[in-house]
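The values are calculated or read from the model by the stated rules, or taken from the named source; none is laboratory data. Keep in mind it's a predicted model, so treat the numbers as computed, not measured. Positions of Cβ are backbone-derived with ideal geometry, glycine not excepted, and every protein chain shown enters the neighbour counts.
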């Protein structure tokens with residue numbers, strides 16, 4: 001296969017991708033026609049243009065309402081769980097209360113994360129939001145583990161003091 005026929009096949013494939021997926025919010029056919037008239041444009045560059053996330057406002061609103069409803073339901077669950085813990089005191093109540101608090105913090109962060117993702121306008125922004133969320137969750141998980149470990153060690157010390 002010659003050099004020019006390979007290049008022709010690559011450009012044809014590029015045009016097909018551009019035409020089938022659209023570029024920059026345009027229909028695929030419009031993008032292909034408009035991009036062909038741009039000076040210095042290549043089809044390889046056209047493929048690398050990141051399209052906007054075209055999510056209808058109604059769908060974003062529906063996602064927001066769904067997130068709000070789920071958050072409200074989890075809030076009711078955490079309220080009920082907290083009340084049940086106060087009514088049943090015991091040796092592990094403090095650790096359970098702390099674990100419930102951490103879980104509640106994680107869920108609030110997840111709902112906030114979901115709200116941010118609903119408003120992402122392109123894939124790069126969505127990936128940035130996801131990366132920030134994961135980074136903060138790893139940091140929080142480490143801190144939570146340190147606090148729980150400290151609480152368990154303290155409880156173990158207190159338990160052994162009474163036996164000596």
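Tabulated values for the structure
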quantity: Condition check for residue 156: closer than 18 Å to residue 97 by Cα and surrounded by 10 or more Cβ atoms within 10 Å (Cβ to Cβ); calculated: yes
quantity: Meets criteria (closer than 22 Å to residue 147 by Cβ and in contact with a helix residue (DSSP H, G or I) (Cβ under 6 Å, 6 or more places away or on another chain)) for residue 63; calculated: no
quantity: Residue match in the range 88-96 (condition: at pLDDT 80 or above, surrounded by 12 or more Cβ atoms within 10 Å (Cβ to Cβ) and out of contact with any helix residue (DSSP H, G or I) (no Cβ under 9 Å at 6 or more places or on another chain)); calculated: no
